[in-house]
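K.L.:
The structure follows.
Read-outs: derived from the displayed coordinates by stated rules, not from any lab. These figures come from a predicted structure and were not determined experimentally. Glycine also receives a Cβ, built like all others from the backbone with ideal geometry; neighbour counts cover every protein chain displayed.
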Amino acid sequence: MIQLIDITKSYPSAAQDILVLKGINFTIKDGEFVAIMGPSGSGKSTLMHIIGALDTPSSGKYMLDGHDVSTYSSKELARIRKDKIGFVFQAFNLLPRSTVLRNVTLPLIYQRVSKKDREARAKEALMSAGLDEEYFNHLSNQLSGGQMQRVAIARALVTDPSLILADEPTGNLDTKTGEVVLDTFKKLNEIGHTVVIITHERDVAEHAKRIIFLKDGLVVKDEKIR
C-alpha cells in the first residue's frame with residue numbers, strides 16, 4: 001500500500017535549508033497495523049504530512065496504492081486525501097455544535113452521496129467505532145473525550161479509505177480511555193483496515209503489530225512485535 005523511497009524533506013531558512021527527513025525508506029503492506037514512533041524533532045510529524053498527502057517530499061518517491069503521489073499538485077493531493085485516507089487527530093477536530101451524525105456524514109456530502117445513504121453509512125461507521133446508538137443525535141460537545149475520539153474514528157471510516165492515519169490519537173485522553181480507543185484500532189485492523197499511528201509513546205506504539213522508529217530524520221529501527 002505505502003512505499004517510501006529515499007524520501008527527504010527540507011525547509012528554507014535564512015542561513016541554510018533545514019533538512020528534516022534525510023532519506024526515509026520503508027514499505028507498509030495492505031492490512032498492516034503500524035506505529036511510527038519518535039521523540040520531538042525526529043521528523044515524525046513531517047513524515048505524517050507526507051504519508052497523509054498534506055505535503056510533498058523535497059526528493060524521493062512516495063507510492064500510495066500503486067500511484068506515485070510525490071509530485072502531485074495540491075488539487076490532486078486533495079483528491080487523494082478525500083478518497084483514500086481517513087484522518088484521526090489528537091484534538092478530534094469535530095464541529096462542536098453539530099450532532100454526532102452530522103459530523104460523520106460531512107465527508108460524504110463532499111462526495112455527493114445521497115442523504116439516505118449518508119446516514120446509513122454514518123451509523124454503520126459509528127457502530128464499527130464502538131459508539132452506542134443513543135449518542136448519535138447528541139451534539140459532539142456533549143460527549144466525553146473517548147466518545148469524541150470514537151466519532152472522529154467513525155468519520156475517518158465513513159468514506160471507506162485505503163488508509164487510516166492517526167496522529168497521537170490518545171494524546172488528549174486519560175490512560176484507561178486511551179486503551180479503549182487503541183483497542184478500537186486493533187479491531188478495525190482485524191477486519192482488514194490498514195492503520196498507521198504516529199506517536200511518541202512506547203506503550204501506545206506497542207498496540208500496533210510493527211513499530212518504525214525515527215530519530216533525527218532517519219529510520220533507526222523497524223521492529224515487528226507480534
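K.L.:
Explain nothing, just compute: Karplus ³J(HN,Hα) = 6.51 cos²θ - 1.76 cosθ + 1.60, θ = phi - 60°, for every residue of segment 162-172 in order, whole Hz, x for Gly and Pro.
P.N.:
Values per residue, Gly and Pro as x: 5, 9, 9, 10, 10, 9, 6, x, 10, x, 9 Hz.
K.L.:
May I ask what percent, to the nearest 5, of DSSP beta bridges between residues of the chain are antiparallel? Could the numbers behind the result be given before it?
P.N.:
Details: 22 of 41 bridges.
Expressed as a percentage, antiparallel bridges in the chain total about 55.
K.L.:
With a 10 Å cut-off between alpha carbons and a GNM built on the chain, which of S98, S13, S74 moves the most?
P.N.:
In this elastic network of the chain, the residue with the biggest mean-square fluctuation among S98, S13, S74 is S13.
K.L.:
Take the residue pairs K29/K186; K44/K75; K29/K187 and return only those whose Cα atoms are more than 21 Å apart.
P.N.:
Among K29/K186; K44/K75; K29/K187, the Cα-Cα distance tops 21 Å for K44/K75.
K.L.:
Ok, one more. Along the charge dipole of segment 33-144, pointing to its positive end and built from +1/-1 on Cβ of Lys, Arg, Asp and Glu, which listed residue (L126, T99, A35) has its Cα farthest out?
P.N.:
T99
K.L.:
A follow-up question, please. For an R0 of 35 angstrom, estimate the FRET efficiency from the Cβ-Cβ distance between D30 and T175 and round to the nearest 0.05. Intermediate values should be presented prior to the final figure.
P.N.:
Numbers: r = 31 Å, r/R0 = 0.89.
My answer for the efficiency is 0.65.
K.L.:
Still on this model: Under the rule of -39500 (n - 2.57) per DSSP H run of 4 or more residues, summed and divided by the residues of the chain, what mean residue ellipticity at 222 nm is obtained, to the nearest 500 deg cm²/dmol?
P.N.:
On the way: 7 runs with 77 residues, N = 226.
The per-residue figure over the chain is -10500 deg cm²/dmol.
K.L.:
When the gyration tensor of segment 33-92 is built from Cα positions, what are the square roots of 5 times its three eigenvalues, in whole Å, from largest to smallest?
P.N.:
On the way: eigenvalues 78, 45, 24 Å².
Three semi-axes, in Å: 20, 15, 11.
K.L.:
Using a Debye calculation, one point per C-alpha and no hydration shell, please list log10 I(q)/I(0) for segment 100-211 at q = 0.20 Å⁻¹ in order.
P.N.:
The computed values of log10 I(q)/I(0) come out as -1.06.
K.L.:
Using only the alpha-carbon atoms, what does segment 2-224 span along each of its principal axes? Please give whole angstrom values in decreasing order.
P.N.:
Cα spread of segment 2-224 along its principal axes, largest to smallest: 53, 38, 36 Å.
K.L.:
Still on this structure: ³J(HN,Hα) across segment 107-123 via Karplus (A = 6.51, B = -1.76, C = 1.60, θ = phi - 60°), whole Hz, x for Gly/Pro?
P.N.:
So the Karplus estimates, Gly and Pro as x, are x, 6, 4, 5, 8, 6, 7, 5, 4, 4, 5, 4, 5, 5, 5, 5, 5 Hz.
K.L.:
While we're looking at this one, here's another question. Find the relative contact order for the chain and round it to a whole percent, using C-alpha pairs within less than 8 Å whose residues are 6+ positions apart. Before the final figure, lay out each step's value.
P.N.:
Numbers: 442 pairs, mean separation 66.2, N = 226.
Normalised by residue count, the contact order of the chain is 29 percent.
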